[in-house]
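Visitor: Below you'll find the structure I mean.
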Amino acid sequence: MYICLCRGITENAIKRLGEEGVLCPNALACELGLNEPDCCGRCLKNIERLTAIAQGQVRSVAG
Ligand code: FES
């Protein structure tokens, strides 16, 4: 499932980053390129939720 349409980022990609140790909001935003000019900013507003997904605290955004 796509979480970010600007960057084509999937929930699984965020989980994989978490498994690789990218677990804090700043590192995630940097790895995902959410500070790039072609991003709408929606994901940065929801970075805490994305971080929870990376940390395995959220089973699925669909559920
Ligand atoms: S949907 Fe992720 S930055 Fe726009």
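Visitor: Exactly one condition in (1) within 12 Å of the ligand (Cβ to nearest atom); (2) open to solvent by 100 Å² or more (accessible area, probe 1.4 Å) is false for Glu36; which is it?
Guide: Unmet condition: (2).
Visitor: List pairs: first in segment 37-49 and aliphatic (A, V, I, L, M), second part of a loop (DSSP other than H, G, I, E, B) and surrounded by 15 or more Cβ atoms within 10 Å (Cβ to Cβ), Cβ under 7 Å, 6+ apart or cross-chain?
Guide: Between residues of segment 37-49 that are aliphatic (A, V, I, L, M) and residues that are part of a loop (DSSP other than H, G, I, E, B) and surrounded by 15 or more Cβ atoms within 10 Å (Cβ to Cβ), the close pairs are Leu44/Leu34.
Visitor: Another question, if that's okay. Do you know which residues across segment 1-10 are out of contact with any helix residue (DSSP H, G or I) (no Cβ under 6 Å at 6 or more places or on another chain) and more than 10 Å from the ligand (Cβ to nearest atom)?
Guide: Result: Thr10, single match.
Visitor: Let me ask something additional. Scanning segment 40-51 for residues that are open to solvent by less than 70 Å² (accessible area, probe 1.4 Å) and touching a strand residue (DSSP E or B) at 6+ places or on another chain (Cβ under 8 Å), which turns out nearest to the ligand (Cβ to nearest atom)?
Guide: Cys43
Visitor: Kindly indicate which of Ala27, Ala54, Ala13 is more than 14 Å from the ligand (Cβ to nearest atom), open to solvent by less than 50 Å² (accessible area, probe 1.4 Å) and free of Cβ contacts under 8 Å to residues at least 24 places away in the same chain. Talk me through it step by step, then tell me what you get.
Guide: Numbers: Ala54 fails: free of Cβ contacts under 8 Å to residues at least 24 places away in the same chain; Ala13 fails: more than 14 Å from the ligand (Cβ to nearest atom).
Sole residue among the options that is more than 14 Å from the ligand (Cβ to nearest atom), open to solvent by less than 50 Å² (accessible area, probe 1.4 Å) and free of Cβ contacts under 8 Å to residues at least 24 places away in the same chain: Ala27.
The values are calculated or read from the model by the stated rules, or taken from the named source; none is laboratory data. Everything numeric in this text was worked out from a predicted model, so none of it was measured. Methodologically, a virtual Cβ is constructed for each residue, glycine included, from the backbone with ideal geometry; neighbour enumeration extends over all protein chains shown. For the accessible areas, the whole protein counts, side chains as well, though only heavy atoms, and no ligand, DNA or RNA atoms are used. Shrake-Rupley method; radii C 1.70, N 1.55, O 1.52, S 1.80 Å.
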